[in-house]
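What follows is a short report on a single structure.
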Amino acid sequence: MSALIEIRDLVREYVIGDQTIRALDGVNLTVERGEFVAIMGPSGSGKSTAMNMIGCLDLPTSGQYVIDGFHVASLSEDQLADVRNRKIGFVFQNFNLLPKTTALENVELPMMYAGVPARERRQRAMEALERVGLANRMHNRPNELSGGQQQRVSIARALVNNPVLILADEPTGALDSHTTEEILTLFEELHAQGNTIVLVTHEDEVGERAKRIIRFRDGKVESDTKYPQLEGVPPHVD
Amino acid sequence: MWIEILRVSWRSIRANKMRSFLTMLGIIIGVMAVVLSSAIGMGAKDNITSQVEGLGSNVLTVMPGATSSGGISQGFGSASTLTTADVTAIQQQDPDVKYVSPVVSHTAQVVYGANNTNTAIEGTNEQYPEIKNVTMAQGRYFLQEEVNSAANVAVLGSQVEQTLFAGERVNPVGQTIEIQGIPFTVIGVAASQGTSGFTNQDDAIAIPITTEVNLMTGSDTVSQILASATSSQVMNQAQLEIESTLRVAHQLTPGTADDFTIQNQATLLSTLSGVTRVLTLLLDGISAISLLVGGIGIMNIMLVSVTERTREIGIRKAIGARKSSISTQFLLESLTLSLAGALIGLIFSGAGAMVAARVMKTGSLLSVSAIVLSVVFSIAIGIVFGVYPARKAANLKPIDALRFE
Ligand SMILES: Nc1ncnc2c1ncn2[C@@H]1O[C@H](COP(=O)(O)OP(=O)(O)O)[C@@H](O)[C@H]1O
Ligand SMILES: [Mg+2]
């Protein structure tokens, strides 16, 4: 089976006025199924830009990106929406939950766009919330939940459609150290259950929890280190 | 999924109740304008038709004075060129004229016992009720002999009868009233005719033309000649006959203009209904514009809503909403706004049309076509003015929408 993510010579340029910023400058990167990867690097090094490419939220200026066998460049807008819906679960730094909408309904949303029948949707959303330890907060709205709880809701939302990949851009950036610890434990559990996770962080203690650390600098991959000594990840060389 | 999207749209409308209501107000007012203007137009048309028909069937009215360009007599009663001799001439010479009657009227004091009133005295002949469709509530109209003998007999309008005989428990027929101090025998009371030709026919007393001439100065000029054609097909024929008869009687040389004006009920009706048609068209135009303005209001609010909810759109797209889901959501929202506005507008205008029907004394003025038209138009507006904001929302790039502050 081919790799889950294959990225070749990926370039993303932003044009602002007459200035061109190369946020990604020829990135090569492969992620296998079941990996827990942390992307690290200084601010402005292109981590978020890379995550947006991987998550099909944005398209590269040039280069190749294949996810789960799909060549992203050849997909239409609606096909990209379907890839985001079925294959990817997002966790954002600022949670990005719909306000005025309960935790349960927020978690149901990806299934609504996947066309899951209402009854099954409710059932699966409740299970997902139980999995992240929020069984007793299902009918609360985001503004009635703490940051950590909101992030759990968004993790539940990310995994409810059984995606092949969970993407998290600084998921603990807005949380205190205690809550950070809880969320990281949750990610480790998800990884242990077989989920592929790619996580962006600039905090070393967060990166340490991953089995592989990719360091970015100036839009390029600076280093790519695996920790085969830790359990769970099969030794793999590209 | 549709039901879910509908629910999302509904929720966002409810979340901004005041704004949604103000947005709908444009449509509410627009729909009311359409329905009510059509109601008023219909009422006006009904009124004019029934008033003109109240003038009598196949009626030609001859008035003294030349015709102005508008088709209406200029010097209304100024130069009294018509005489009772003209009436006789028309009666004898014009085959397509069935009935003809002079009309001379003036206002006088009328007394019965302790009651008195100031009312119109109309001198006519025995053919007048045939022309004007006068029916009798009690008694009879005067006969040809009574006209010939200038008898002092009177036929009361229903309103005059009520005024003069208020509180009197007597049959008015056979009673004696005084007109300008001269005793008249009441021989009949006309049934109520309502207003017709813009005068109140119930507030008048009819007496023989000869008696009226005596009451006045004794001159035989008349203020009007009423004639009815033998059928509605020969109206124009009859009009031409009367014209030539009068030209001969008035000794007008060829080339000189008529010194009288003949008004044809059919032309009057078509002129008036032409006027109402133009007015209705004007009202319809104005109300269509107000609906359009309502639609622009919806578009404005939808654009604001798209901007306000850019982040929400970004989130929905990030978790897999297709373009069509997003555009459907916003389209349904504008459609719901316009439809709800239309329904509220219909409820209000239904009440308004009932009031208008009461005021204008006509039957129901709610036209199905106006209702259907305004609802269809509102739906169209909801779609047309919703499409652009909906497309704008659907076309947002997911990452741009997510980043939007
Ligand atoms: N939408 C954008 N428009 C213009 N420049 C951008 C945009 N997003 C990112 N950049 C630029 O691209 C570079 C990489 O940004 P980013 O990927 O957000 O870095 P990181 O997440 O590693 O801090 C930065 O120089 C940033 O200013
Ligand atoms: Mg970043």
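Where helices (runs of 4 or more DSSP H) fall entirely within region B:296-405, those with at least 3 residues that are open to solvent by 40 Å² or more (accessible area, probe 1.4 Å) and either of a type in the set (Val, Ile, Thr) or within 12 Å of chain A (Cβ to nearest Cβ) (or both) are at B:323-360, B:368-394. Put simply, of B:272, B:291, B:226 the only residue that is within 30 Å of residue B:37 (Cα to Cα), surrounded by 17 or more Cβ atoms within 10 Å (Cβ to Cβ) and modelled with pLDDT of 85 or more is B:291. Listed by first and then second residue, the pairs with beta-carbon distance under 7 Å, at least 6 apart or on different chains, first residue in region B:1-19 and under 16 Å from residue B:302 (Cα atoms) and facing another protein chain (nearest Cβ under 10 Å), second acidic (Asp, Glu) and in a helix (DSSP H, G or I), are B:12/B:333.
Set side by side, the residues A:61, A:102 differ, and just one is open to solvent by 20 Å² or more (accessible area, probe 1.4 Å), more than 16 Å from ligand 2 (Cβ to nearest atom), closer than 30 Å to residue A:149 by Cβ and hydroxyl-bearing (Ser, Thr, Tyr), which is A:102. Taken together, A:202, A:178, A:191 contain a single residue that is assigned to a loop (DSSP other than H, G, I, E, B), out of contact with any Gly (no Cβ under 6 Å at 6 or more places or on another chain) and either open to solvent by 50 Å² or more (accessible area, probe 1.4 Å) or farther than 17 Å from residue A:51 by Cβ (or both), which is A:202.
Would you confirm whether or not region A:151-174 contains a residue that is within 30 Å of residue A:66 (Cα to Cα), surrounded by fewer than 19 Cβ atoms within 10 Å (Cβ to Cβ) and in contact with a helix residue (DSSP H, G or I) (Cβ under 8 Å, 6 or more places away or on another chain)? Yes: one or more hits. Of the residues making up region B:251-269, those that are in contact (Cβ under 8 Å) with a residue 12 or more places away in the chain and surrounded by fewer than 16 Cβ atoms within 10 Å (Cβ to Cβ) are B:257, B:267. The residues of region A:109-131 that are open to solvent by 10 Å² or more (accessible area, probe 1.4 Å), assigned to a helix (DSSP H, G or I) and either within 9 Å of chain B (Cβ to nearest Cβ) or in contact with a Gly (Cβ under 8 Å, 6 or more places away or on another chain) (or both), listed by number, are A:109, A:112, A:113, A:114, A:118. A single entry from B:216, B:299 fulfils the requirement of being in contact (Cβ under 8 Å) with a residue 12 or more places away in the chain and either in the same structural domain as residue B:123 (by TED's automatic domain parsing) or within 30 Å of residue B:152 (Cβ to Cβ) (or both): B:216. Considering region A:8-74, the qualifying strands (runs of 3 or more DSSP E), each wholly inside and each with 2 or more residues that are within 14 Å of chain B (Cβ to nearest Cβ) and touching a residue at least 24 places away in the same chain (Cβ under 8 Å), run over A:19-31. Taking the criterion of being at pLDDT below 90 and closer than 23 Å to residue B:125 by Cα, the only residue of region B:235-248 that qualifies is B:235.
With respect to the stated conditions, residue A:91 is touching a helix residue (DSSP H, G or I) at 6+ places or on another chain (Cβ under 9 Å) and within 16 Å of ligand 1 (Cβ to nearest atom). Any residue in region A:182-198 that is touching a His at 6+ places or on another chain (Cβ under 7 Å) and away from chain B (no Cβ under 13 Å)? So far as region A:182-198 goes, yes, one or more of its residues are touching a His at 6+ places or on another chain (Cβ under 7 Å) and away from chain B (no Cβ under 13 Å).
Please determine whether any residue of region A:66-89 is touching a strand residue (DSSP E or B) at 6+ places or on another chain (Cβ under 6 Å), of a type outside the set (D, E, K, R) and within 14 Å of ligand 2 (Cβ to nearest atom). No, the conditions are met nowhere in region A:66-89. Scan region A:134-142 and give yes if some residue there is over 26 Å from residue B:1 (Cα atoms), open to solvent by 30 Å² or more (accessible area, probe 1.4 Å) and more than 16 Å from ligand 2 (Cβ to nearest atom), otherwise no. Yes: one or more hits.
The values are calculated or read from the model by the stated rules, or taken from the named source; none is laboratory data. Just so it is clear, the structure is predicted and the values come from calculations on it, not from any experiment. Counting neighbours? That spans all protein chains shown, and the Cβs are built from the backbone with ideal geometry, glycine included. Surface accessibility is based on the protein's heavy atoms, side chains included, excluding ligands, DNA and RNA. Shrake-Rupley method; radii C 1.70, N 1.55, O 1.52, S 1.80 Å.
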